[in-house]
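Have a look at the structure below, then the notes.
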Amino acid sequence: VQLQASGGGLVQAGGSLRLSCVVSRRTFSTYATGWFRRAPGKEREFVAAISWSGGRINYADSVKGRFTISRDNAQNTGYLQMNSLRPDDTATYYCAATQGSSYAYTSSLQYAYWGRGTLVTVSS
């Protein structure tokens, strides 16, 4: 399974970006997906997750109300809409997936497949 994340870039504080994660599986609809990020000098942290059906969603407290996770099973693609971006959102963002789960996992240990990451830089 391969994951390709895209959509990162440089944005001013208060701006928006939408990240995409294409999963190379026609059975994408059976995969739970998540987004994590790693800021310079910090540990990787959970951002958002969505179950295979979209019926369960979890967010980190730091992004609640600003970020929205979604998925399009017909396109084998997951999304992370990021609004009201702040400089402390600057990080490399990674998408992850795991098959056969109706949960929206917040732990990176639950995910079997990872993309390479896309860099998001928010200037003040």
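The values are calculated or read from the model by the stated rules, or taken from the named source; none is laboratory data. This is a predicted model, so every value here is computed, not measured. In case anyone asks, the SASA skips ligands and DNA or RNA and just uses the protein heavy atoms, side chains included. Shrake-Rupley method; radii C 1.70, N 1.55, O 1.52, S 1.80 Å.
Yes/no per residue for (1) under 14 Å from residue 90 (Cα atoms); (2) small (Gly, Ala, Ser); (3) open to solvent by 30 Å² or more (accessible area, probe 1.4 Å):
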site	(1), (2), (3)
15	yes, yes, no
21	no, no, no
25	no, no, yes
43	yes, no, yes
50	no, no, no
55	no, yes, yes
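Which fully enclosed strands (runs of 3 or more DSSP E) of region 24-99 have 3 or more residues being of a type in the set (Ser, Thr, Tyr) and either within 19 Å of residue 8 (Cα to Cα) or at pLDDT below 95 (or both)? Per the criteria, 91-99.
Residue 10 meets each of the listed conditions (1) open to solvent by less than 10 Å² (accessible area, probe 1.4 Å); (2) part of a strand (DSSP E or B) apart from (1). If you go through region 100-124 and pick out every residue that is open to solvent by 40 Å² or more (accessible area, probe 1.4 Å) and not in a strand (DSSP E or B), you end up with 11.
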